[in-house]
Amino acid sequence: KVKLCSKLLDEDIYDFIFLTVRGNQLKEALQELSTNKSKCIVTMVNTVFEYRELEKITGKGRILPAFPGAGGCITDGILDASLTPRFIQPTTFGEISGTKTERSKHLAQILKKTKIPYQEVKNMHIWQLCHLGMVLPIADAYYEASCAKKVGFEKHIMQRTAKRLKRNFKFLKKDLGKLSPWKLNIFIVLPVKILAFALKFLFNSRFGYMFMYRHSMKAK
């Protein structure tokens, strides 16, 4: 049973406050939470901001960076979403310090009990940059297609997307020293033709429709 409240008072203290806003709303939302006495704000947001920069708003040690392993869209005020498969993208989180803490262990226990796939990583900033390196070329493929729903059949766009993914991850690995998660190295290793062939099936799959197409159309 979920309790709803229309206002968060400064004295309302919770173990975790999950912040699920758009990237361009993040700093404003953190500013609104800055006077609340809760010690942990879980920022489930797609962002390239350095977390130390965000801590200047909330106070040091209050942010626990995360990203939800879920996808879908809101239509007519109704959220139609699902959890993404564990092997593709579980809910991901990690302390800014890169170490496990009592609160990160507590969060892991909550996710485990609720059967939400999760992983804890040492550097969420690197993970976020790699995530963006993947999703932006995928979204661009839909936007550049003559028919977004059937983009998987547009061979030249699949090849272009494969080249962009390979370029992004080569740059990120050179700049950051590693990719997170490590499985993204497959985009560097595989030839463009094989990547483009695999992308065709991905874009034409139910997964592609649920987690890629609908999200891209709603989140331009």
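The values are calculated or read from the model by the stated rules, or taken from the named source; none is laboratory data. Since this is a predicted model, take the numbers as computed values, not measurements. Cβ sites come from the backbone with ideal geometry, for glycine too, and all protein chains shown count toward neighbours. All accessible areas refer to the heavy atoms of the entire protein, side chains included, with ligands and DNA or RNA removed. Shrake-Rupley method; radii C 1.70, N 1.55, O 1.52, S 1.80 Å.
Checking the a/c ratio against 1.5 first, then a/b against b/c, what shape does the Cα gyration tensor give for segment 26-127? If you can, show how the numbers build up before the last one.
Working: a/c = 1.73, a/b = 1.25, b/c = 1.39.
In terms of gyration-tensor shape, oblate.
Please give the helix 155-176 orientation as an angle from the longest Cα principal axis of the chain, in degrees from 0 to 90, rounded to the nearest 10.
50 degrees
Would you mind getting the accessible area per residue of segment 104-220, heavy atoms of the protein chains only, 1.4 Å probe, in Å²? Provide the component values of the computation, followed by the final result.
Numbers: 6990 Å² over 117 residues.
Counting only protein heavy atoms, the per-residue value for segment 104-220 is 60 Å².
Through the Karplus equation 6.51 cos²θ - 1.76 cosθ + 1.60, θ set to phi - 60°, convert the phi angles of segment 210-215 into ³J(HN,Hα) values in whole Hz; use x for Gly and Pro.
Per-residue couplings from phi come out as 6, 9, 10, 4, 5, 5 Hz.
Against the longest alpha carbon principal axis of the chain, how many degrees, from 0 to 90 and to the nearest 10, is the axis of helix 192-203 turned?
That helix lies at roughly 60 degrees to the long axis.
In whole percent, how big is the carbon plus sulfur part of the accessible area of segment 107-168, probe 1.4 Å, protein atoms only? Walk me through the numbers on the way to the answer.
On the way: 1890 of 3340 Å².
Carbon with sulfur: 57 percent of the solvent-accessible area.
Mean 1/r over all different Cα pairs, inverted: what Kirkwood radius does the chain give, in Å? Intermediate results must be reported in sequence, preceding the final value.
Values: mean 1/r = 0.0530 Å⁻¹.
Value: 18.9 Å, from the Cα pair sum.
Rounded to the nearest 0.05, what FRET efficiency do residue 175 and residue 9 have when you use their Cβ-Cβ distance and R0 = 35 Å?
Numbers: r = 43 Å, r/R0 = 1.23.
Given R0 = 35 Å and the Cβ-Cβ separation, E is 0.25.
So what's the back-of-envelope 222 nm ellipticity for the chain, counting only DSSP H runs of four-plus at -39500 (n - 2.57) apiece and dividing by all residues, rounded to 500? Display every interim value, and only then the final one.
Values: 8 runs with 92 residues, N = 220.
Calculated at 222 nm, the ellipticity per residue is -13000 deg cm²/dmol.
What's the angle, to the nearest 10 degrees (0 to 90), between helix 102-113's Cα axis and the longest principal axis of the chain?
Taking the Cα atoms of the chain, the angle to 102-113 is about 60 degrees.
Enter the accessible area of residue 213 (Å², nearest 10), with the probe set to 1.4 Å and all protein chains included.
Approximately 40 Å² of residue 213 is accessible to the 1.4 Å probe.
Amide H of residue 46 versus every other amide H placed in the peptide plane: which residues, excluding those fewer than 5 positions away on the same chain, fall under 5 Å?
The list, which skips near neighbours in sequence, is 23.
May I ask you to rank 48, 2 by accessible area, largest first, using a 1.4 Å probe over the protein chains only? Walk me through the numbers on the way to the answer.
Numbers: 48 85, 2 125 Å².
The most accessible residue leads, giving 2, 48.
May I ask which residue of 33, 83, 106 lies farthest towards the positive end of the charge dipole of the chain, with charges of +1 (Lys, Arg) and -1 (Asp, Glu) on Cβ and the Cα centre as origin?
The one lying farthest along the dipole's positive direction is 83.
When the dipole is taken about the Cα centre of the chain, and only Lys, Arg (+1) and Asp, Glu (-1) are charged at their Cβ, what size is it in debye, to the nearest 20? It would help to have the intermediate numbers written out before the result.
Values: 38 positive and 18 negative charges, 197 e Å.
Dipole of the chain, to the nearest 20 debye: 940 debye.
Provide the packing ranking of 33-46, 65-78, 159-172, i.e. peptides ordered by the mean count of other C-beta atoms within 10 Å per residue, highest first. Walk me through the numbers on the way to the answer.
Values: 33-46: 17.1, 65-78: 15.6, 159-172: 18.6.
Ranked by mean Cβ neighbours within 10 Å, highest first: 159-172, 33-46, 65-78.
With a 1.4 Å probe and all protein chains kept in place, how much accessible area does residue 186 have, in Å² rounded to the nearest 10?
Surface accessible to solvent at residue 186 totals approximately 90 Å².
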